[in-house]
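Have a look at the structure below before the remarks.
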Amino acid sequence: MHPPRHPVLRAAATTLLFPRRFVGETERRFLQQHCEHFAPFRQVTLIFAFAVWMAFLPLELDDFPHGPTAITLRLVVAALVLAVLATSFAGRLRDERAWTIAMLLGGLSMTAVEFAMALVVVPYPDGYSAYYPGGFVIVIGLFAFTHILSRPAAVSGAVILAQLALFNVLSETVDPLWTLSTIPLLLICHSICVRLELYERERFTREGLLERAVDDERHARRDVEQATELLVLQKERERSAALQANRAKSKFLAEAAHDLRQPMQALGNYLDAASAGARSGGDADVHALLAAAKAAANETRATFAAVLELSTLEAAERVPSYEHFDLAELVRAIAWLAAGTAARTSVSVRLLRCERPAPVRSDRTFARRILENLVYNAIKYSDPAKGEGRRVVIGLVRLPTRVRIDVVDNGIGIAEDDLARVFRPFFQAGRATHDPQRGVGLGLSIVNAMIATLSEHQLVVTSALGHGTRFSIDVPLSQAPPLPEPAPMERGAGASSVIVVMAASTARESLVADLSRAGHLCEAAAAAELAALLKEMPYEAELLLVDPHELEPAAAAAIVQAEYGHALPMDLLPPHADAARVITSLQGLLARARRGDDDAAA
C-alpha cells in the first residue's frame, strides 16, 4: 500500500495505521530483540501496578458498604498480577507473544474490575467517581508503559470498549452513551503504541545497518590484513627463490668453469708438447699431439655450446614455435642418424610402432633436440658387460589426447638416489671422474629445460641400476590435420641432396631444418662422422657445406674422393651462418654444378 501524497494525510496514516512488519527471519529477530530489551521495563511496570492496585485496599475496607465484594475482586486481580510477575522472574516469558498475553491478561483484568465496580457493584455516583477514573489510568498505563505492539494494543482497545459496553448495559443508572467518551482516549493510546512500535522498528533497522557496516569494515580490515600477510609472504618467497636461483647460478658457473678448465688445460699441454716436438723434429709425435689438441678443442667448444644453450633456455630467450607435424617421421629420422654412432659401440637401435603417422602439436626443433639427447644419452650409457646385446628401443604409444614417446635402454641404469639429481647440470650418473666420452653432463638438463618450456608436455624417468632406463615424454595430439610437408622441389627448381659438416649444435639443427623446409634432402655430420655417413647413406650427395672450424676443406674433399671416387661441389659455412644466405648460395652453387653436368653431357 502506497502512503498518501498529502503530508497531513501521510502523517495521519503514520500515526494511526499499523507499521509494516519485516519479512521472515528479520521479523523474528526484531520480536526477540524487542522482548529482551523491554522485559525489565515490563517487570517494573507490573511491580508499580501491583503497588498502586493494593494502595486502594484500605479505602475499600473503611468507606464503602460493598467492601467484601470489592476486596475479593481486588485480591483476585492482585494474585493474577503476582502470578504474571513471578512467571516473568522465573524466565518463562521467553518471547514477545508470551509477554503480550501476560500483560494483556493482567491489564484487562484490572480494567474489568474497575469498570465493574464503577458501573455495577458500587451504586452510582460513588462507584463512578471512585473507580471510573482509575480504569482510565489503568488503560493509559497498559498502553504507554508495557510497550506492547500496535496490533495487540488495538485488540486490547476493542476488548476495553466491549467491557464498557457490557457494564453500561448492566448498570441501571449510567447512560450507555458514556462509553463513547472512551474512544478518543483509546485512539490516543493506540497512536502512542503505533509511534513507539514505529520508532523501535526504525531503531532495529538502523542498528542492523550499523552492525552490517561494522561487519563489512571488520571483514574488509581482515581481508586487508590477509592480503598484506600474503604479499609479505609472497615477497619473502620471491626473495628466497631469487637467493636460491642466484646460488644455483653460481654453482652452475663454478661447475661449468671446472668442466671447461680440464679440456682447456689439456689443449694447452698438447700444444706445448707439439711445439716442443716441432722444434726437435719429431713430425709423427707432432701430428698425434695436434690431433689430441683438436679433440680437446672440440670438447671445449661442445661444452661452451651446451652451456650457452642451457642458459638461453633458462633465461626464456628461446620461445617455442608450435606447429603440427608427424612425430613418427621425426623419430625414424633420428633413429637413422643415431644408428651409425650406435653401431660403432655395438649398440642396436630398434623402432617400435613407428610406422603409422603420429600427428602432434609441438616445436619441431625442440622435439628433435630432446629426442637426439635422449637417444644419444642411451647409447653413451650402454653397459659394456652386455656385449652385442646392448640395445636402445624407441617406441610410440598413441593415446586419446597425446602421443607418448618411450626411449628405453638396457644400459647401466641410474641409482634410485641419483634419479632426483639426473637433470641437474653437469651431473653424470655413476661418474667418479670426468668422462669426456659421455659429454659434459648437460644433455638431460637441456631436455628438462625444453620440456618445461613446452606447454602440455611431460617427462617421466624410471630406472633400475644395472638393468636400464626408460624416458617417457607425453606430447599433445594434434587436434587439426598435420600441416602438409613442403613438396620436394624438382631438380630443375633447385632441389638437392646436401651434407652439412658441422659440430653438433643448435645452430646445426636449425640450419638443417631450414634447408629441409626449403626442399633439400639434408643430412648433418661432425668431422669424425662424415666418412661413416657417406658409407651409410642410401643415395649419393650432390653438395657439401663445410664448417672450416670443424673440418679443413681439403680433408673433406679427400674423404668424399675416397668414398665416391670423385669430388663434390663444396661451399664453406661462414661464422653464424644465416639460413637465407646459405640457401641462396646453395642455389647458385647447385645451378653452376648442374650447368657443368649438362655441358659435359653435350
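The values are calculated or read from the model by the stated rules, or taken from the named source; none is laboratory data. Note that the structure is a prediction, hence the values are computed from the model and not measured. Cβ: placed from backbone, ideal geometry, glycine included. Neighbour counts: every protein chain shown. Side chains included, ligands, DNA and RNA excluded: accessible areas come from the protein's heavy atoms. Shrake-Rupley method; radii C 1.70, N 1.55, O 1.52, S 1.80 Å.
Got a sec? What order do Asp216, Asp417 fall in by accessible area at 1.4 Å, biggest, i.e. largest, first?
On the way: Asp216 100, Asp417 130 Å².
So, going from the largest accessible area down, we get Asp417, Asp216.
Given a 1.4 Å probe and every protein chain left where it sits, what share in percent of the accessible area of the range 94-156 is carbon and sulfur?
Numbers: 1630 of 2340 Å².
About 70 percent, which is the carbon plus sulfur part of the accessible surface.
Within the set of other residues whose C-beta is less than 12 Å from the C-beta of Val360, count the net charge using Lys and Arg as +1 and Asp and Glu as -1.
On the way: positive: Arg361, Arg364, Arg398, Arg402, Arg404; negative: Glu323, Asp326, Glu329, Asp363, Glu456, Asp474.
Summing Lys/Arg as +1 and Asp/Glu as -1 gives -1.
What does the charge dipole of the range 68-136 about its Cα centre add up to, to the nearest 20 debye, if the Cβ of each Lys and Arg holds +1 and the Cβ of each Asp and Glu holds -1? Spell out each step's value before the answer.
On the way: 4 positive and 4 negative charges, 47 e Å.
Roughly 220 debye, rounded to the nearest 20.
Can you sort Leu180, Leu544 by 1.4 Å-probe accessible area, starting with the largest? Spell out each step's value before the answer.
On the way: Leu180 105, Leu544 0 Å².
So, going from the largest accessible area down, we get Leu180, Leu544.
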